[in-house]
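Let me begin by presenting the structure, written as structure tokens, before commenting on it.
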Amino acid sequence: MHRPLTIACAFGAVVLSAPFAAAAPISWNTLSGTAPVIIGHRGAPAYLPENSLGGNELAAEMGADIVETDVMLTADDKLVVMHDETLERTTDVEDRFAPRGADGVYYVSDFTLAEIRTLTVEPTGGAGLAYPGFVPSMTAPYRVPTLAEMLDEIDAYNVANGTDLGILTEVKGSYSPLASRLVVETMIDKGFTTEAMNGAAQSFDFENVFEMAGLIASAGADIDVFQLGGAALVGGEWYVALTETNARPLNLLATYVDGIAIYEPYLSESLIDTAHRLGLEVYGWTFRPSDLAAAQTMAASFLDWGLDGYITDNPDLIGAAVDLHGVAPVPLPAGMPLLLAGLGGLCGVARSRRRT
């Protein structure tokens with residue numbers, strides 16, 4: 001159900017007047033050999049408030065395989081879903097509380113969970129509080145959630161819809177043994193411990209990633225771990241790099257992580273090939289196309305190179321670009337029967353890609 005049916009079928013209408021018809025499935029150059037995953041970056045923030053339960057649900061309806069989310073610690077050491085270390089950009093905190101930081105800002109770490117629960121997540125950029133044809137299924141879609149609440153909603157969505165929507169949880173900020181431990185414990189407690197539950201964790205901080213990988217291994221859980229960062233080729237060897245002086249070689253990371261999540265300008269065919277040879281998946285971030293044509297142009301080289309996952313603010317557009325890339329042209333008129341089958345199949349993808 002989850003690729004936007006209008007996009008898929010509109011493409012089919014274009015094909016009818018073109019010399020080729022989308023029909024035969026192609027092979028993929030990803031590590032798994034299957035289509036790359038679509039990862040809703042903080043849900044679907046091009047349309048609804050980021051890191052919200054409603055935004056996650058819309059991302060799922062748009063075809064996301066996974067939603068990416070961020071967590072921060074409150075003053076009483078609880079995990080809340082929040083990208084920034086401050087609250088004012090994405091919530092109504094300024095309407096409810098006075099600033100507590102000496103510099104006049106609202107740090108997440110200065111507020112308790114009970115206080116943050118009173119806040120509403122606000123849209124940023126071009127997003128709004130509603131999306132045409134979409135009604136969130138939960139009662140409080142734009143309240144700041146805890147990680148546990150977000151996992152509960154994803155599980156409920158999967159049960160209700162027969163899907164396997166996953167989550168990629170990012171520990172924000174510098175090294176925090178407590179945050180790393182709580183992320184792993186919460187994901188285990190909520191049952192995101194098997195391949196079928198599709199759970200993963202990531203961080204920019206090398207020590208957070210190493211810590212989570214060790215905790216997951218000790219627990220015997222199947223939770224993937226990704227290292228975020230840029231990339232650099234030094235002396236013929238690839239590194240994941242945070243700064244010029246803070247980097248780790250890919251062959252070392254491959255001993256304890258499942259993949260790397262790399263800022264899009266640093267992606268290359270050589271990096272992806274090297275990572276795949278080491279058994280690592282490669283995700284790219286962050287894809288923000290303005291329309292379907294831009295999404296197809298943006299994704300084209302990465303699809304050829306075998307990028308395994310697309311972290312995007314627009315899961316509908318990038319998802320459609322991936323789906324359209326995933327069928328091979330068949331000449332007309334000999335391909336007419338396949339054309340009809342291809343159109344039906346492509347529209348079927350829009351309806352059922354995430355169904356299990």
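The values are calculated or read from the model by the stated rules, or taken from the named source; none is laboratory data. Please read these numbers as outputs of a predicted model, since none were measured by experiment. Ideal geometry is used to build each Cβ from the backbone, glycine not excepted, and the neighbour counts take in all protein chains shown. The area values use the complete protein model at the heavy-atom level, side chains included, leaving out ligands, DNA and RNA. Shrake-Rupley method; radii C 1.70, N 1.55, O 1.52, S 1.80 Å.
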- Task: Check region 225-243 and report whether any residue there is outside any helix (DSSP H, G or I), among the charged types (D, E, K, R), within 29 Å of T112 (Cα to Cα) and touching a residue at least 12 places away in the same chain (Cβ under 8 Å).
- Result: no
- How many residues does region 258-271 hold that are open to solvent by less than 10 Å² (accessible area, probe 1.4 Å) and either farther than 21 Å from E170 by Cβ or touching a residue at least 40 places away in the same chain (Cβ under 8 Å) (or both)? 3
- Go through region 244-261 and count every residue that is in contact with a strand residue (DSSP E or B) (Cβ under 6 Å, 6 or more places away or on another chain) and in a helix (DSSP H, G or I). 2
- Message: I'm trying to understand the selection: among the residues of region 92-112, which are among the charged types (D, E, K, R), open to solvent by less than 80 Å² (accessible area, probe 1.4 Å) and either in contact (Cβ under 8 Å) with a residue 40 or more places away in the chain or outside any loop (DSSP other than H, G, I, E, B) (or both)?
- Response: D110
- Task: For S203, work out the one condition from (1) open to solvent by less than 60 Å² (accessible area, probe 1.4 Å); (2) in contact with a Gly (Cβ under 9 Å, 6 or more places away or on another chain); (3) more than 21 Å from D77 (Cβ to Cβ); (4) modelled with pLDDT of 95 or more it doesn't fulfil.
- Result: (3)
- Qualifying residue in region 337-351 (condition: closer than 26 Å to R42 by Cβ, assigned to a helix (DSSP H, G or I), open to solvent by 60 Å² or more (accessible area, probe 1.4 Å) and at pLDDT below 55): yes
- Item | Hey, R89 surrounded by fewer than 17 Cβ atoms within 10 Å (Cβ to Cβ), without any contact (Cβ under 8 Å) to a residue 60 or more places away in the chain, basic (K, R) and more than 21 Å from S180 (Cβ to Cβ) or not | yes
- Message: Out of the residues in region 292-322 meeting the condition of being touching a helix residue (DSSP H, G or I) at 6+ places or on another chain (Cβ under 7 Å) and open to solvent by 50 Å² or more (accessible area, probe 1.4 Å), tell me which one is nearest to D224 (Cα to Cα).
- Response: W305
- Message: Among (1) in contact with a Pro (Cβ under 7 Å, 6 or more places away or on another chain); (2) in a helix (DSSP H, G or I); (3) over 30 Å from D308 (Cα atoms), there is one condition E115 misses while meeting the rest; what is its number?
- Response: (1)
- Task: Please verify whether region 190-211 includes one or more residues that are in a helix (DSSP H, G or I) and β-branched (V, I, T).
- Result: yes
- Query: Mind checking which residues of region 150-189 are aliphatic (A, V, I, L, M) and assigned to a loop (DSSP other than H, G, I, E, B)?
  - Reply: L165
- Note on the structure: In region 118-149, anything buried (at least 19 other Cβ atoms within 10 Å of the Cβ), in a loop (DSSP other than H, G, I, E, B) and either at positive phi or among the hydrophobic types (A, V, I, L, M, F, W, C) (or both) is listed as L119, A127, V144
